[in-house]
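What follows is a short report on a single structure.
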Amino acid sequence: MTSIVGWGHTPFGKLTEETVETLVVRAAREALDHAGIAAEDVDEIVLGHFNAGFSRQDFTAALVLQAYPIFRHKPATRVENACASGSAAVYAGARAIEAGDARIVLVVGVEKMTDTMGPAIGDNLLRASYLAEQSNVKGGFVGVFGDIASQYFARFGDQSDALAAIAAKNHRNALDNPYAQIRKDLGYDFCRQESLDNPRVAGPLKRTDCSLVSDGAAALVMTDDETARTMRRAVRLRGRAHATDFLPMSARDATELHGAQVAWGKMMERSGLQLSDLSFAELHDCFTIAELMQYEAIGLAAPGEGAHAILEGLTEKTGKLPVNVSGGLKAKGHPIGATGVSMHAIAAMQLCGEAPAGMQLASPSVGAVFNMGGTAVANYATALERIH
């Protein structure tokens, strides 16, 4: 099996002085320093980077070599799977280790989005949808999830209270996360009410229901269990699963995230866990409606009843299953290629007791990550536990 033995994480936000290259170098160096690994001992490099037009510099895998000259001639590969590009990189690294092709793998995720002007941002993100059906959706990818929210509301009733509670929770949680893009408690009332500062953007979704346009990078050092036991810390990927669903929404029921349900179920089966075994989860809240529907996909609530999980406090920091203690994509930020790597790094921090003060939970034993690309097309679910 594979374990995480170190990580690096830049702040997320509008980082005007940074480039894709400087972000990659910064996170990679921090991860190796944290792990206590020499650059020459890295066997393979995997970079998660969506791009889709955000950066003129494409073909970015080799940029990781800028971190250390000794990386020259080591195998480096860029992987892309929409908003799950980071988790795709993590899984590619784990497969290299478990196949015996590498002992130590450096995984980096990066995105530089804020240099792009508003309309182009929407166009770039919309490339993660099925353009044959959705190229003219008003509002771009926000409009896609606005349509999903509208269909969910039509079937199960108005969920505006629950969406506002999710947004407020995640912004409140981000107060304690120094990596987060927005560290401000917006409050439930602000998130619930449509206003000039919180306008409706698509369907029933308001601005506070949408994740952020972000710059940032995160990195992990991973190795086999035997090597991990000699390191300062080790967090094992106890179970993982990847499931891909149809890209066209017309081929699926938009009111459920079936691919997420399949990936999560396989991960739980492979890890031998029950939902009650988890100390926390980092879920992919690209939009608040996505977190709400993921409550149902992971079995925390019955179909159509995800609102109970948030309104009854089950997913609060002190609840039955704390969700997005980091602030999630909603408040931490969502630099596309970095997101999945960040989610795994945040989980490892929690399990090692190394999360920032205030964000750290009391003695977590097992955590879970769910990262999805597109409208739950690429679905990655991971269970993590500390082994020492």
Scanning region 56-68 for residues that are open to solvent by 20 Å² or more (accessible area, probe 1.4 Å) and of a type outside the set (A, V, I, L, M) gives R56, Q57, D58, F59, Q66, Y68
* To do: Within region 343-353, identify whether any single residue is without any contact (Cβ under 8 Å) to a residue 40 or more places away in the chain, in a loop (DSSP other than H, G, I, E, B) and open to solvent by 10 Å² or more (accessible area, probe 1.4 Å), and answer yes or no.
  => yes
Within region 372-388, residues being farther than 16 Å from A94 by Cα and of a type in the set (S, T, N, Q) number 2
Residue in region 23-31 that is in contact with a helix residue (DSSP H, G or I) (Cβ under 6 Å, 6 or more places away or on another chain), in a helix (DSSP H, G or I) and open to solvent by less than 10 Å² (accessible area, probe 1.4 Å) present
yes
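A quick yes/no check of all residues on (1) of a type in the set (G, A, S); (2) without any contact (Cβ under 8 Å) to a residue 12 or more places away in the chain:
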| site | (1), (2) |
| --- | --- |
| E17 | no, yes |
| E30 | no, no |
| A61 | yes, no |
| Q66 | no, no |
| A76 | yes, no |
| G86 | yes, no |
| L106 | no, no |
Flagged pairs (Cβ under 6 angstrom, 6 or more apart or on separate chains; first in region 205-227, in contact (Cβ under 8 Å) with a residue 24 or more places away in the chain and more than 18 Å from A174 (Cβ to Cβ); second polar (S, T, N, Q) and crowded, with 21+ Cβ neighbours inside 10 Å) are A217/T10; M222/T2; D225/S3
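Matching residues to (1) farther than 30 Å from M231 by Cα; (2) in contact with a helix residue (DSSP H, G or I) (Cβ under 7 Å, 6 or more places away or on another chain); (3) of a type in the set (A, V, I, L, M):
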| site | (1), (2), (3) |
| --- | --- |
| A76 | no, yes, yes |
| G86 | no, yes, no |
| G143 | yes, no, no |
| I148 | yes, yes, yes |
| L163 | yes, yes, yes |
| I166 | yes, yes, yes |
- Taking I70, is it among the hydrophobic types (A, V, I, L, M, F, W, C) and out of contact with any Pro (no Cβ under 8 Å at 6 or more places or on another chain)? yes
Filtering region 284-333 down to residues that are part of a helix (DSSP H, G or I) and either without any contact (Cβ under 8 Å) to a residue 40 or more places away in the chain or in contact with a Cys (Cβ under 7 Å, 6 or more places away or on another chain) (or both) yields Y295, H308, A309, L329
| Do we find that G367 is within 16 Å of H284 (Cα to Cα), open to solvent by less than 20 Å² (accessible area, probe 1.4 Å) and in contact with a helix residue (DSSP H, G or I) (Cβ under 8 Å, 6 or more places away or on another chain) in this structure? | yes
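The values are calculated or read from the model by the stated rules, or taken from the named source; none is laboratory data. In this text, all values refer to a predicted model and were calculated from it rather than measured experimentally. Backbone-built Cβ (ideal geometry, glycine too); neighbour counts: all protein chains shown. Heavy atoms of the whole protein, side chains included, go into the accessibility calculation; ligands, DNA and RNA do not. Shrake-Rupley method; radii C 1.70, N 1.55, O 1.52, S 1.80 Å.
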